[in-house]
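What follows is one structure encoded as structure tokens, with my remarks underneath.
The values are calculated or read from the model by the stated rules, or taken from the named source; none is laboratory data. Predicted, not measured: the structure shown is a model, and the values here were computed from it. Counting neighbours? That spans all protein chains shown, and the Cβs are built from the backbone with ideal geometry, glycine included.
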């Protein structure tokens, strides 16, 4: 009986070690595919939207179009559930949730996004950055079909939005599940990653704006946001209002 227990314990220990090595190998492989953070960057803000109070850190182009949802990727989520009744001065996105608590310069942003609209060429979700006013900011538009007005990186600078990245050979497939997105800005370099964190789907250089707020949303669709992390060398406290009422 004693020998049987010893043998069983040895077998279990071997299985446990094998499982640990398996998990470690997979974690190391995942880390190897994840672009490293630039030197000096630190986590300046994160949000998992596990409670409705998380929305207090945001300002919305139309607060009635946004709500807290219990159906996040892990816990709750920020949900754009209907079109914003928001008029833009220039042709630019309508649905905006801006993180009013922080503003920063160079940054790395990671988040999970879920598109909940119908499938069509411009089906999109957006990430806004270096937002200085509703008529002055950058955004990346991740969509099904690339063209001069979709699936690109844009600037709104006291004029209608204008793309400046090379038009990609293919767009993305939002499907019906959560997707992982990463946006990085360092100096004039802008890189956008979708699912595969080792290779950007969009990249370009631009020098007009280098500081401002971060935000999420869609040009004219619906979707959800969860598990946001923002790294930067330095961030300052933001303040409302960002949108004139």
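What number of residues within region 46-85 satisfy the criterion of being farther than 15 Å from residue 225 by Cα and touching a helix residue (DSSP H, G or I) at 6+ places or on another chain (Cβ under 8 Å)?
Residues that pass the stated criteria total 3.
Among the candidates 165, 204, which residue alone is in a loop (DSSP other than H, G, I, E, B), in the same structural domain as residue 89 (by TED's automatic domain parsing) and touching a strand residue (DSSP E or B) at 6+ places or on another chain (Cβ under 6 Å)?
Testing whether each residue is in a loop (DSSP other than H, G, I, E, B), in the same structural domain as residue 89 (by TED's automatic domain parsing) and touching a strand residue (DSSP E or B) at 6+ places or on another chain (Cβ under 6 Å) leaves just 165.
Have a look at 102, 118, 85 and point out the one that is in contact with a strand residue (DSSP E or B) (Cβ under 9 Å, 6 or more places away or on another chain), surrounded by fewer than 18 Cβ atoms within 10 Å (Cβ to Cβ) and more than 22 Å from residue 202 (Cα to Cα).
Step by step, each of 102, 118, 85 is checked, and only 102 is in contact with a strand residue (DSSP E or B) (Cβ under 9 Å, 6 or more places away or on another chain), surrounded by fewer than 18 Cβ atoms within 10 Å (Cβ to Cβ) and more than 22 Å from residue 202 (Cα to Cα).
Can you tell which of 90, 138 is assigned to a strand (DSSP E or B) and either surrounded by fewer than 21 Cβ atoms within 10 Å (Cβ to Cβ) or in contact with a strand residue (DSSP E or B) (Cβ under 7 Å, 6 or more places away or on another chain) (or both)?
138
Which one of the conditions (1) more than 16 Å from the chain's Cα centre (by Cα); (2) surrounded by fewer than 17 Cβ atoms within 10 Å (Cβ to Cβ); (3) over 14 Å from residue 202 (Cα atoms) does residue 180 fail to meet, given that it meets all the rest?
(1)
Condition check ((1) touching a residue at least 60 places away in the same chain (Cβ under 8 Å); (2) over 23 Å from residue 192 (Cα atoms)) across all residues:
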residue	(1), (2)
73	yes, no
78	yes, no
81	yes, yes
85	no, yes
105	yes, no
117	yes, no
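Would it be correct to say that residue 133 is at pLDDT 95 or above and either surrounded by 19 or more Cβ atoms within 10 Å (Cβ to Cβ) or closer than 18 Å to residue 181 by Cα (or both)?
Spelling it out, it is not the case that residue 133 is at pLDDT 95 or above and either surrounded by 19 or more Cβ atoms within 10 Å (Cβ to Cβ) or closer than 18 Å to residue 181 by Cα (or both).
List pairs: first in region 226-245 and exposed (fewer than 13 other Cβ atoms within 10 Å of the Cβ), second modelled with pLDDT of 95 or more and part of a strand (DSSP E or B), Cβ under 6 Å, 6+ apart or cross-chain?
Within 6 Å, the pairs are 236/103; 240/59; 240/100.
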